[in-house]
Amino acid sequence: KLGYHYYKIDLDLNDLKQYSKLVRFVSQHPNILYVDRTFGGSDFEFDGEFSSQEAFYTFIASLKQKFPHLIRIHRYYRAEKIYKYEYLPGI
């Protein structure tokens, strides 16, 4: 309703030692909703909402600039519609 687009971002990292720095940086960004704790798949996953595709690309560019040698591969998915969320609190 506000015109924002929902993105799921997956990162494969070159060095897991900087994982906590990446979590802090991403968590402090106002457009990031969740940092996902997952088993398997990508090394680092998070979700965000951005006002435009350009705003999203600007965020990804800032992420790559802040951590130039950390990100090996990035993938993203833009959700057209969210039907249901499932949470596992306390895990």
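The values are calculated or read from the model by the stated rules, or taken from the named source; none is laboratory data. Please read these numbers as outputs of a predicted model, since none were measured by experiment. Every residue, glycine as well, gets a Cβ built from its backbone with ideal geometry; the counts of neighbours run over all protein chains shown. Only protein heavy atoms, including side chains, enter the accessible area calculation; ligands, DNA and RNA are left aside. Shrake-Rupley method; radii C 1.70, N 1.55, O 1.52, S 1.80 Å.
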Between a residue in the stretch 57-74 that is within 18 Å of residue 32 (Cα to Cα) and without any contact (Cβ under 8 Å) to a residue 24 or more places away in the chain and any residue that is open to solvent by less than 90 Å² (accessible area, probe 1.4 Å) and part of a loop (DSSP other than H, G, I, E, B), which pairs come within a Cβ distance under 9 Å, given they are 6 or more apart or on different chains? 62/29; 64/70
Count of residues meeting criterion [more than 9 Å from the chain's Cα centre (by Cα), open to solvent by 80 Å² or more (accessible area, probe 1.4 Å) and hydroxyl-bearing (Ser, Thr, Tyr)] in the stretch 1-54: 1
Subset of the stretch 39-91 that is closer than 19 Å to residue 21 by Cβ and of a type in the set (Ser, Thr, Tyr) - its residue that is modelled with the lowest pLDDT: 42
Pairs under 8 Å by beta carbon, first residue over 23 Å from residue 69 (Cβ atoms) in the stretch 18-41, partner open to solvent by less than 50 Å² (accessible area, probe 1.4 Å) and assigned to a helix (DSSP H, G or I), six or more apart or different chains? 31/55; 31/59
